[in-house]
Amino acid sequence: MLATYIQTLVSGLAIGGVYALIALSFSITFTTTKTMNFAQGEFISFGAFIGVAALLLLSGLAGGLTAIPGEAAAGWRYPAAALIATVVAGVMGVLIFLLAVRPFAGKRGMNWVMSTIGFGVILQSIGLTIWGPAPVMVPSPLGDGVLRIAGAGVRPQELIVLASAIAIMVIFDFVMRRTRIGKAMMAVAHSPQTASLMGINVNTVMIGAFALSSGLAGLAGVLIAPIASASLFMGLGFALKAFSGAIIGGLTNPRGCIYGGFILGVLESSVGLWQAQWKEIVVFSLIILVLAFRPQGLFGHASIDKV
Amino acid sequence: MLNLKNVHLAYGPITAVRDASIEVQQGEVVAIVGGNGAGKSTLLKGIAGLMPVDSGQISFENNDITRMPPHVRVARGIALSPEGRQVFSDQSVYDNLTLGAYFRRLSKEALEAEIEEQFKLFPRLRERRSQLAETLSGGEQQMLAIARALMSKPKLLLLDEPSLGLAPKIIQEIFAIIVSLRKAGITILLVEQMANMALAIADRAYVLETGRVTMTGTGQQLLHDPKVRAAYLGVTHTAA
Ligand SMILES: Nc1ncnc2c1ncn2[C@@H]1O[C@H](COP(=O)(O)OP(=O)(O)OP(=O)(O)O)[C@@H](O)[C@H]1O
Ligand SMILES: [Mg+2]
């Protein structure tokens, strides 16, 4: 029984790590630009497929229609593919900001919601043309065997996902709190006008925020592909859950978003252990409860400004 | 040094500054006085680049800066300590000061040295260097806002109501600091509710009424002008 619990906890933390990364990606653009990329789901899917393409390209192997060979992900190729997917998604993030967000940012209305959703629909159509609708099995760089930890069966990819997610979030936190660029991002998040008075190029920071946010989504796609299979429809579910995690944790607090993502992942897999079909009901009831009692999220704080 | 020619500034359909022509010479302290809603803060925002200029021209050191974005103006030497202080409440006093020097890319040692200079000017900030800015009192936040603006090593310092909400003793301190900054060679454009104190230290001053410049003269002239005294110094015509 204990083994089952450990197994559930590890998968919950791994999936939660992915939620946390994506939740963080929502928070990054929300705090700096007061907008979000509602095509984040498509960015996740694209990340996975760009990762697949990179694996095949780097290994020189041919992929089947529904699976790619295990050796393609071996050694340095998986991290290299992850990096490529992150960068490509980051560049796409700059594009979506320039084309679909900036024309509407800071203006009244929510046009950016529609324009980013539209961008996502276009992306998905392009993706379907290139890669087709079938899911592709992606190998894990550590193989698809099962590790035994205290009797519990743990998939190595789950450990990779968890370790990568934690590493990225620790680095992000350090950058935000300790470096010049992090302080500039916090300044823009607090007030773009005042930030510009510090000589900060607010526009550049906003572009950087979208690049970073989208890069994280692309990376999340590569990380989750060996567990969930790459599919152009996989991203939406992750984005929705991650967004919920961000709301639970507090959209304006990056650390809160990370906790929210992990809480959601662990909760989901625990409920799944008990009654799989109750998963969504419990998760979304929790979100509604949290919002009813703490509209700013569990870790969000209503800011106090002296007058 | 700074030259505004027939500047119009508006918030959408609401014109806040009309046809303003204002000049600030190198080394001067120039005051802008006027009632609530006269357009004083709007004028400073226009000079700092926070608002687009609808018509007219702003030049600084003989360069046209009318369309220059705010972060570039800071690098050229124009710093604004904004109305309502606007400190970064979620960052420490130290980090706020660091941000003031953001574009200068100072080495760690140079940054420390300059922050130390600000602490000499505002000793209260030294004891609170690691505190979040939101935990400072209003007066301390005002000092932080001025110190932060000074961290950019400005040639022209724009101060929007530095005395707002401060105790009389602190106001005295702030004005003493303004005078010392002028001695240090910084040109100052000062917007103040404390019109008498502002006019007393100002070389020249402008009176702004509903967006228009209605009067200008030396600080002393305006200080003794019966209309100014009646409108802004709380002194009636008969008493003057
Ligand atoms: N963000 C804004 N949107 C619309 N109108 C504004 C805005 N800010 C100021 N105004 C209007 O512009 C005019 C000038 O405002 P401004 O803040 O420049 O006045 P002020 O002289 O600084 O006043 P105070 O002494 O009260 O600070 C006012 O009529 C005000 O209502
Ligand atoms: Mg004002």
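What are the residues of segment B:99-115 that lose 30 Å² or more of accessible area, with a 1.4 Å probe, going from their chain alone to all protein chains?
Hits at the 30 Å² cut-off: B:L99, B:Y102, B:R105.
Just to be sure I understand the model, the point goes 7 Å from the Cα along the line to the Cβ. What's the resulting A:D173 to B:H8 distance in nm?
Inter-label distance under the simple model: 5.4 nm.
Could you report the accessible area of B:E61 in Å², rounded to 10, computed with a 1.4 Å probe on the protein chains as they sit in the structure?
It works out to around 70 Å².
Enumerate the amide H contacts of A:K34 below 5 Å, restricted to partners 5 or more residues apart or on another chain; note that Pro and chain-start residues carry no placed amide H.
none
Check A:L298: other-chain or 5+ apart residues with amide H under 5 Å from its amide H, H built from backbone geometry?
Close amide H contacts, sequence-distant or interchain: A:G249, A:G250.
Select from A:A152, A:A81, A:A209 the residue whose mean-square fluctuation is largest in a Gaussian network model of chain A (Cα-Cα springs shorter than 10 Å).
In this elastic network of chain A, the residue with the biggest mean-square fluctuation among A:A152, A:A81, A:A209 is A:A152.
Where in chain A are the DSSP H helices whose alpha-carbon span along the long axis reaches 20 Å or more and whose Kyte-Doolittle mean is at least 0.0? Write down the numbers at each step before the final one.
On the way: long enough: A:2-33 (45 Å, 1.38); A:40-59 (28 Å, 1.62); A:77-96 (28 Å, 1.77); A:111-131 (30 Å, 1.22); A:156-178 (33 Å, 1.35); A:202-228 (38 Å, 1.77); A:234-249 (23 Å, 1.45); A:254-274 (31 Å, 0.89); A:279-293 (22 Å, 2.45).
Once both thresholds are applied, what remains is A:2-33, A:40-59, A:77-96, A:111-131, A:156-178, A:202-228, A:234-249, A:254-274, A:279-293.
Determine, from the Cβ-Cβ distance of A:Q275 and A:I181 and an R0 of 60 Å, the FRET efficiency 1/(1 + (r/R0)^6), rounded to the nearest 0.05. Don't skip to the end; give the middle numbers.
Values: r = 46 Å, r/R0 = 0.77.
So, using R0 = 60 Å, E works out to roughly 0.85.
Once Lys and Arg get +1 and Asp and Glu get -1 on their Cβ, which of A:G250, B:A147, A:F262 lies farthest toward the positive end of the dipole of the protein assembly as shown?
B:A147
Per residue of segment B:29-39, in order, report the coupling 6.51 cos²θ - 1.76 cosθ + 1.60 (Karplus, θ = phi - 60°) as ³J(HN,Hα) in whole Hz, putting x for Gly and Pro.
10, 10, 9, 10, 10, x, x, 4, x, 6, x
Please list, in chain and number order, the residues 5+ apart from B:V7 or on another chain whose amide H is under 5 Å from its amide H, with Hs placed from the backbone.
Excluding prolines and chain starts, which carry no amide H, the hits are B:D19, B:A20, B:S21, B:Q57.
Please find, in a Gaussian network model of chain A (springs between Cα atoms separated by less than 10 Å), the residue of A:N253, A:N203, A:N37 whose mean-square fluctuation is greatest.
A:N203
For B:H71, A:H190, give me the order by solvent-accessible area with a 1.4 Å probe, most accessible first, ignoring ligands, DNA and RNA. Before the final figure, lay out each step's value.
Details: B:H71 40, A:H190 60 Å².
From most accessible down to least: A:H190, B:H71.
I need the shape label for segment A:184-307. Rule: rounded when a/c is under 1.5, else prolate if a/b > b/c, else oblate, with a, b, c from the alpha carbon gyration tensor. Spell out each step's value before the answer.
On the way: a/c = 3.59, a/b = 1.48, b/c = 2.43.
Taking the square roots of the gyration eigenvalues as a ≥ b ≥ c, segment A:184-307 is oblate.
Ignoring any ligand, DNA or RNA, what whole percent of the accessible area of segment A:2-233 comes from carbon and sulfur when the probe is 1.4 angstrom? List each step's numbers first, then the result.
Values: 6810 of 9430 Å².
With neighbouring chains kept in place, the figure for segment A:2-233 is 72 percent.
Mind running the shape call on segment A:1-142? Use the C-alpha gyration tensor, a ≥ b ≥ c as the square roots of the eigenvalues: rounded below 1.5 for a/c, prolate if a/b tops b/c, oblate otherwise. Please report the intermediate quantities before stating the final value.
On the way: a/c = 2.28, a/b = 1.41, b/c = 1.61.
It comes out oblate by the Cα gyration axes.
Please list 3J(HN,Hα) in residue order for segment B:50-62, calculated via the Karplus relation 6.51 cos²θ - 1.76 cosθ + 1.60 where θ = phi - 60°; whole Hz, with x for glycine and proline.
Couplings: 7, 10, x, 8, 6, 7, x, 9, 10, 10, 10, 6, 6 Hz.
Please identify, among A:M169, A:M114, A:M92, the residue showing maximal mean-square fluctuation in a Gaussian network model of chain A using a 10 angstrom Cα cutoff.
It is A:M114.
Per residue of the protein assembly as shown, what 222 nm ellipticity follows from adding -39500 (n - 2.57) for every DSSP H run with n ≥ 4, rounded to the nearest 500? Write out the running numbers ahead of the final one.
Numbers: 21 runs with 303 residues, N = 547.
Rounded to the nearest 500, it is -18000 deg cm²/dmol.
Provide the gained length on full extension for the span A:W76 to A:M1, in nm with one decimal, where the gain is 0.36 nm per separating residue minus the Cα-Cα distance. Each step should come with its number before you reach the end.
On the way: separation 75, 0.36 × 75 = 27.00 nm, distance 3.68 nm.
The span from A:W76 to A:M1 would gain 23.3 nm if fully extended.
Per residue of segment B:211-219, in order, report the coupling 6.51 cos²θ - 1.76 cosθ + 1.60 (Karplus, θ = phi - 60°) as ³J(HN,Hα) in whole Hz, putting x for Gly and Pro.
Computed from phi, the couplings for segment B:211-219 are x, 10, 7, 10, 7, 8, x, 6, x Hz.
The values are calculated or read from the model by the stated rules, or taken from the named source; none is laboratory data. Quantities reported herein were computed from a predicted structural model and do not represent experimental measurements. Cβ coordinates were reconstructed from backbone atoms using ideal geometry, including for glycine residues, and neighbour counts include every protein chain displayed. The protein model used for the area step is the full one, side chains on, heavy atoms only, and it has no ligands, DNA or RNA in it. Shrake-Rupley method; radii C 1.70, N 1.55, O 1.52, S 1.80 Å.
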